[in-house]
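Novice: Dropping the structure in here first, questions after.
The values are calculated or read from the model by the stated rules, or taken from the named source; none is laboratory data. Note that the coordinates shown come from a computational prediction; the quantities given were computed from them, not determined experimentally. Because the Cβ atoms are built from the backbone with ideal geometry, glycine has one as well, and the counts that use them run over all protein chains shown. Surface areas here come from the heavy atoms of the whole protein model, side chains and all, with no ligands, DNA or RNA. Shrake-Rupley method; radii C 1.70, N 1.55, O 1.52, S 1.80 Å.
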Amino acid sequence: MAKLLSKGWLAGLLTVACTGQIEPPPESHKAPLNPAPVTLKRLTQAQYRNAIHALLGAEIVVPSALEPDSEAGGFLNVGGSIASISSRGVEQYERAAYDIAEQAMEPGAERDALVPCAPAANVDDSCASAFVSSFGRRLWRRSLSQAEVDRYVAIASEAGRQLGDFYDGLEFAMAGLLQSPDFLFRVELGEADPGSSFKRYTSTEMASRLAFFLWNSTPDDDLLDAGERGDLLDESQIDAQVDRMLASPQARSGVRNFFSELYGLQGLDDLVKDTTIFTSHSADLGPDAREETLRLIEYMVFDEDADYRDLFTTRKTFLNRRLAALYSVPAPSIDGFALTELPKDGPRRGLLGQASVLAMHSHPTNTSATLRGKFVRTVLLCGEIPPPPANVDTSLPEASASAPTLRDRIQDHLSVPVCASCHRAMDPIGLALEKFDGIGKFRTLEANTPIDASGELDGTPFKDAVGLGEAIANHPNLGRCLTQKLYRYAKASVEREGEDGEVVRLTEAFLLSNFRIKVLLREIAKSDGFRMATEGE
């Protein structure tokens, strides 16, 4: 471990643009924390959907036409912290609110459970008040003031009088609550911290922050109760809640969402390949490939409490019959996905042997060493690769008798200085994966020429994709990179000057835990960078 620490975060871990080289850390990492400013955070579509299902049940159909998410810093929730709602989005949220409210107020056991009283008449302010108070608190993630309750009770009463039905009246009140900024935005403005010059998030706001970080959803009653009691200003109480939350199935959903956004796996829904070239491609390959990756991550984090580095070297994975055929291995189950172990002498190990990464970072008609290398360099190792200059032709030369393989053509490309400066940080990495075609099927030949998958990653030589996975697992940037991305996702804001020391401290805790992701989740939840803030800018 000492070797890891000395060669890991102490080595710096900042990558110079295009080179992939590591510099010593800036002195700023020793500076006191300067936490991110408070912001309103619009719920992402997934958070909106998860919140509705948590409050009203999974059978509620949430309309898909909502304000589109916007990405920033690699994550949708970071985009939500700088996004507003368009006039079209207002209309979409209005339609969704009435649609959801109508479903919720249909007669049945679900409605009886939602409304905590039996109305005495078409207009019953007492019963309406009980509903608005209880449902509004869970929806807005805080208790409503009496004035707020009165406003929505008045809506329910007037609508009930006009329509001649108590529940039709509640439908209008519920639709109003669903359209409120107090639901659509996370209103976390903080309060003065008696122990510092910064703000701290209130205990109730911490309930919301913990829920959206660990579950990507709204707080449950236990967490909201703890928040409103003031418990979540205490680190030991946060610890206890994190324990409880990580044991919940919602934590698995939250971790899946983080890695899906981190690795860009949402794009697999729209995976397009030329089926005249990739004859075994079908529309279900992308979703199946994403499920393989997310199931493995979920299994490693929650069932094995495994070392994050194992994700790049493990022979374990989850396959269905479709993927087993692509990988040329026996299917572990007749139906659906099941855990299996790939052959010892096989070409696949870990994430980089999975169709998700291999197919997504390829072109529709062929592989791409650049896209695959860029994924490793920027997403896994947090290197920086700027976009190519506008006046530069980025296309590779056509295959020829003298340059039949991708490696040959890339060598020609790298002879151009303006291209070589950045492509040297990506293409040699991507060439290690050339024995997998554009949908992830193994091959040994390209244009009837044996494929050379050897190379080196920042001074560590490898002979193939298996070796590349081992080089990534031992790369000093790996732990810091995941820490930085998870910290960013937790706060829903990109790090700024004054937060580097917090990332270094969290990285150290992650490395000392042998790269246990649950430890990192807990450390971030308790960190000052997550609990403290400055005034909005």
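Novice: State yes or no: is GLU27 modelled with pLDDT of 65 or more and open to solvent by 60 Å² or more (accessible area, probe 1.4 Å)?
Specialist: no
Novice: Suppose we filter ARG505, ARG480 for residues that are of a type in the set (Lys, Arg) and closer than 20 Å to GLY264 by Cα; which single one remains?
Specialist: ARG480
Residues are listed down the side, and each one gets a yes or a no for (1) charged (D, E, K, R); (2) touching a helix residue (DSSP H, G or I) at 6+ places or on another chain (Cβ under 6 Å); (3) open to solvent by less than 40 Å² (accessible area, probe 1.4 Å); (4) assigned to a helix (DSSP H, G or I):
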{"site": "THR276", "(1), (2), (3), (4)": "no, no, no, no"}
{"site": "HIS281", "(1), (2), (3), (4)": "no, no, yes, no"}
{"site": "ARG290", "(1), (2), (3), (4)": "yes, yes, no, yes"}
{"site": "LEU294", "(1), (2), (3), (4)": "no, yes, yes, yes"}
{"site": "VAL301", "(1), (2), (3), (4)": "no, yes, yes, yes"}
{"site": "LEU311", "(1), (2), (3), (4)": "no, yes, yes, yes"}
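Novice: Could you please let me know if GLY264 is in contact (Cβ under 8 Å) with a residue 12 or more places away in the chain, under 25 Å from ALA72 (Cβ atoms) and open to solvent by 20 Å² or more (accessible area, probe 1.4 Å)?
Specialist: Judged against the criteria, GLY264 is a match.
Novice: Take the residues in the stretch 71-88 that are hydroxyl-bearing (Ser, Thr, Tyr) and under 17 Å from GLN179 (Cα atoms); name whichever of them is modelled with the lowest pLDDT.
Specialist: Residue satisfying both the conditions and the ranking: SER84.
Novice: From the list THR405, THR394, exactly one residue is farther than 25 Å from ASN474 by Cα and at pLDDT below 80. Which is it?
Specialist: Of THR405, THR394, the one residue that is farther than 25 Å from ASN474 by Cα and at pLDDT below 80 is THR394.
Novice: Still on this model: Only one residue in THR507, THR460 is hydroxyl-bearing (Ser, Thr, Tyr), out of contact with any Ser or Thr (no Cβ under 7 Å at 6 or more places or on another chain) and either more than 24 Å from LYS344 (Cβ to Cβ) or free of Cβ contacts under 8 Å to residues at least 60 places away in the same chain (or both), so which one is that? Spell out how you get there, then give the answer.
Specialist: Working: THR507 fails: out of contact with any Ser or Thr (no Cβ under 7 Å at 6 or more places or on another chain).
Result: THR460 is the single residue among THR507, THR460 that is hydroxyl-bearing (Ser, Thr, Tyr), out of contact with any Ser or Thr (no Cβ under 7 Å at 6 or more places or on another chain) and either more than 24 Å from LYS344 (Cβ to Cβ) or free of Cβ contacts under 8 Å to residues at least 60 places away in the same chain (or both).
Novice: Looking at THR317, THR293, THR313, can you tell me which residue is modelled with pLDDT of 95 or more and either among the basic types (Lys, Arg) or under 27 Å from PRO68 (Cα atoms) (or both)? Before you say what the answer is, go through the steps one by one.
Specialist: Details: THR317 fails: either among the basic types (Lys, Arg) or under 27 Å from PRO68 (Cα atoms) (or both); THR313 fails: either among the basic types (Lys, Arg) or under 27 Å from PRO68 (Cα atoms) (or both).
Unique residue meeting the criteria: THR293.
For every residue, the table says whether it meets (1) under 19 Å from the mean Cα position of the chain (by Cα); (2) within 23 Å of ALA36 (Cα to Cα).
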residue: GLU470; (1), (2): no, no
residue: LEU486; (1), (2): yes, yes
residue: ASP500; (1), (2): no, yes
residue: LEU520; (1), (2): yes, yes
residue: LYS526; (1), (2): no, yes
residue: GLY536; (1), (2): no, yes
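Novice: Related question: If I ask for residues that are open to solvent by 60 Å² or more (accessible area, probe 1.4 Å) and either assigned to a helix (DSSP H, G or I) or more than 19 Å from GLU205 (Cβ to Cβ) (or both), which ones from the stretch 234-247 would you list?
Specialist: Result: GLU235, SER236, GLN237, ASP243, ARG244, ALA247.
Novice: Right, ARG186: at pLDDT 95 or above, touching a strand residue (DSSP E or B) at 6+ places or on another chain (Cβ under 8 Å) and at negative phi or not?
Specialist: Here the answer is yes, as ARG186 does meet what is asked.
Novice: Applying the selection to the stretch 397-418, what residues are open to solvent by 60 Å² or more (accessible area, probe 1.4 Å), in a loop (DSSP other than H, G, I, E, B) and touching a residue at least 24 places away in the same chain (Cβ under 8 Å)?
Specialist: Once the filter is applied, which keeps residues that are open to solvent by 60 Å² or more (accessible area, probe 1.4 Å), in a loop (DSSP other than H, G, I, E, B) and touching a residue at least 24 places away in the same chain (Cβ under 8 Å), the stretch 397-418 yields only ALA399.
Novice: Of all residues in the stretch 130-162, count the ones that are part of a helix (DSSP H, G or I) and without any contact (Cβ under 8 Å) to a residue 40 or more places away in the chain.
Specialist: 20
Novice: If you go through the stretch 47-65 one residue at a time, do you hit one that is open to solvent by less than 10 Å² (accessible area, probe 1.4 Å) and not in a helix (DSSP H, G or I)?
Specialist: no
Novice: What's the total number of residues in the stretch 494-537 that are farther than 20 Å from LEU233 by Cα and in a loop (DSSP other than H, G, I, E, B)?
Specialist: So the count comes out to 11.
Novice: Name every residue in the stretch 185-217 that is touching a residue at least 40 places away in the same chain (Cβ under 8 Å), aliphatic (A, V, I, L, M) and open to solvent by 10 Å² or more (accessible area, probe 1.4 Å), in order of residue number.
Specialist: Residues satisfying the conditions are VAL187, LEU189.
Novice: Given the residues ASP288, ASP270, which is the only one that is over 26 Å from HIS475 (Cα atoms), acidic (Asp, Glu) and modelled with pLDDT under 95?
Specialist: Result: ASP270 is the single residue among ASP288, ASP270 that is over 26 Å from HIS475 (Cα atoms), acidic (Asp, Glu) and modelled with pLDDT under 95.
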